[in-house]
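Here the structure comes first, spelled out in structure tokens, and everything after it is commentary.
The values are calculated or read from the model by the stated rules, or taken from the named source; none is laboratory data. Here the structure is a predicted model, which is why all the values come from computation and not from measurement. Counting neighbours? That spans all protein chains shown, and the Cβs are built from the backbone with ideal geometry, glycine included.
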Amino acid sequence: MRVMGTTTTVMGTGSAVLAMVLTIAGCSGESTEPAKAKPEAEPAKPDAEAPATPESAPLASVGAPTDTTAVALFQDARRVMYSDPAGAYDKAKQSYETEAKRDTLWVMGFAACRLGDGEKAEFVLARFDGDEDKDKLRSHCATKGLEI
């Protein structure tokens, strides 16, 4: 599938809807760069200082390097969005809390609509910047019988 000049592979049943909406929203959803090997983490030393908690860490700014944990969570969320929308929402939210991305909001929004959970859909809606994204999410939720 061609999305904004890049080739994107979308996997899973029903993914055509997601691909279509991501295309309409101007989101690619996946990087076209080859995956890099993930370095193994060293075990934590008992006397080492505790790292900052995700709640205390600031959200990534635009142009910041991509956090591999956020990317992995996002990819897992997309993979299970249709088979496990509750799990997809949770994984996408964890990814969003690590690194705020528009694509991640879309996965959260679709999962919330599939669940029929207006509170979660409103959470996502409040975080979209433009009226166009908000209108598209409202429209998608309406097709699932959820008015937000």
Given the conditions (1) more than 29 Å from L146 (Cβ to Cβ); (2) modelled with pLDDT under 50, report the number of the one that A16 does not fulfil.
(1)
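This table checks each residue for (1) in a loop (DSSP other than H, G, I, E, B); (2) among the hydrophobic types (A, V, I, L, M, F, W, C); (3) buried (at least 24 other Cβ atoms within 10 Å of the Cβ).
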{"position": "R78", "(1), (2), (3)": "no, no, yes"}
{"position": "A86", "(1), (2), (3)": "no, yes, no"}
{"position": "D90", "(1), (2), (3)": "no, no, no"}
{"position": "W106", "(1), (2), (3)": "no, yes, yes"}
{"position": "A111", "(1), (2), (3)": "no, yes, yes"}
Which of the residues spanning the stretch 94-104 are out of contact with any helix residue (DSSP H, G or I) (no Cβ under 6 Å at 6 or more places or on another chain), part of a helix (DSSP H, G or I) and not basic (K, R)?
E97, D103
Residue list for the stretch 80-98, filter: of a type in the set (D, E, K, R) and more than 15 Å from G109 (Cβ to Cβ)
D84, E97
